[in-house]
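To keep things clear, I will list the structure first and then write my remarks on it.
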Amino acid sequence: MGNTNAINARVAAQGRRGKVIVKPSYFKEAVVIPARMSGIEDLNFLLDHLVKSGGSDLFLCGDDYAWIRKNSKLVRVTKRVITAKEVMDMLVSFYGINATAKLGMPEPIDIDLDYKEKISANRVIRHRFRVNAVYAKINGRLVPDLTIRSIASQPPSASDLGIEDEVLKICKNSQQGLFLMVGSTGNGKSTTLAGIIRYMVEDESANRKMVTIEKPIEYVYEDIDKPSSIIRQFQVGQCVSDFSEGLRNALRQDPDDILIGEARDLETISLATEACVTGHFVLSTVHANSVSETIPRMTNPFEPSMQHKIQQDLIQAMQMIVAQRLVPTLDGKRTALREYLIFTPEVKMILSKSKNIAQDVKRLTFELGVPMFKSALNAYEDGKISKETLEKIRFNYGDGDS
């Protein structure tokens, strides 16, 4: 309690000196929290507020207020700052006593978390979250910093997400090859992939066995009707040690489809392309802002002498790249803009001879695919996004005229 009062007094003093201004209006959506927060019950109180207020993310950092994200806006949700010890105690309450040691290595913590909301004596709703924990530096010292992102327990449908028919057709009909969903963090890549997977396994004639390797597992499929398909999910750090080991193990399980949460290291990328060649359909995500950036981003980790071969392997394995960006809508929500390119035999032939893969993929996306600006223009003409948002997309992605 004393430490909490000291921190709040320091914040108030800074405000009087003109360094930090904390107005009452900043706390319009704040809730009263206990004088000392320490366990899972206290964390559940904040998670319950996140769920009921319609927020998507909860941010807890030592020596700061708790914040949530609602429709792209950040809102303070506590009337006092939370100490580093309180945040660490809440982390330990669900991760375990080795949380401090792991963060001190330093090594981030990525884990999923459940909160069960009691609706009645016989009914409980399960809410799922993805947690990332690291050390941040506040006031010159290291403090735990938690980002807790809400995950829908049941994946949304493809129609709810507005996933394009061309995208769904490629995924439904492909028996081998690579499908990549790309975008920066927080742009809904995993959600769109979950909608695609749901679409695939709800098909009565699918007869597919799918294996997922994720860190952490985001969406679960137990309650989805799967007439003729099987899904087995494996979490990195609990079921397998890393993505590459999970992928090697998946190949022993006679799968038709393999979802890799993220293709980010040399071995995983190499194994994924090999899996495509051996008759598997592989879906994954990559941190890249556009279709044209994707292949260069995947080849960069390799030695220069290997990059051309890996580039050619990726071109031949690729079925489709979809880049997604979430943008604000006129009604204060968000919508997904998607650009994509299908790697037809014609596209593969052109790219196999390319001297500048990023430039040629960008050109082909405008000529044969759907560029981001076209997706934004459609959303603007439908009255979903503002002219300002459209111009931002034009500035960042181009419109094909230059």
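The values are calculated or read from the model by the stated rules, or taken from the named source; none is laboratory data. Note that the coordinates shown come from a computational prediction; the quantities given were computed from them, not determined experimentally. All Cβ positions, glycine included, derive from the backbone under ideal geometry; neighbour counts span all protein chains shown. The protein model used for the area step is the full one, side chains on, heavy atoms only, and it has no ligands, DNA or RNA in it. Shrake-Rupley method; radii C 1.70, N 1.55, O 1.52, S 1.80 Å.
Overview of results
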| read-out | value |
| --- | --- |
| Pick from segment 327-340, criterion in a loop (DSSP other than H, G, I, E, B) and more than 21 Å from Asp399 (Cα to Cα), ranking: least open to solvent (accessible area, probe 1.4 Å) | Gly332 |
| For Pro301: the one exception among (1) surrounded by fewer than 17 Cβ atoms within 10 Å (Cβ to Cβ); (2) outside any loop (DSSP other than H, G, I, E, B) | (2) |
| Single match in Glu267, Glu293 (criterion: at negative phi, out of contact with any Ser or Thr (no Cβ under 8 Å at 6 or more places or on another chain), open to solvent by 50 Å² or more (accessible area, probe 1.4 Å) and not hydrophobic (A, V, I, L, M, F, W, C)) | Glu293 |
| Residue list for segment 273-290, restricted to those being among the hydrophobic types (A, V, I, L, M, F, W, C) and either closer than 15 Å to Gly261 by Cα or surrounded by 19 or more Cβ atoms within 10 Å (Cβ to Cβ) (or both) | Ala275, Cys276, Phe281, Val282, Leu283, Val286, Ala288 |
| Residue in segment 304-314 that is surrounded by 20 or more Cβ atoms within 10 Å (Cβ to Cβ) and in a strand (DSSP E or B) present | no |
| Enumeration of residues in segment 230-264 that are within 20 Å of Gln311 (Cβ to Cβ), open to solvent by less than 60 Å² (accessible area, probe 1.4 Å) and charged (D, E, K, R) | Glu262 |
| Segment 256-288 - residue that is of a type in the set (D, E, K, R) and closer than 14 Å to Val182 by Cβ and, of those, farthest from the chain's Cα centre (by Cα) | Arg264 |
| Top-ranked residue in segment 315-326 [being assigned to a strand (DSSP E or B) and touching a helix residue (DSSP H, G or I) at 6+ places or on another chain (Cβ under 9 Å); ranked as most open to solvent (accessible area, probe 1.4 Å)] | Arg325 |
| Exclusive hit being assigned to a strand (DSSP E or B), of a type outside the set (Asp, Glu) and modelled with pLDDT of 90 or more, set Ile148, Ile125 | Ile148 |
| Condition met for Ile295 (among the β-branched types (Val, Ile, Thr) and in a helix (DSSP H, G or I)) | yes |
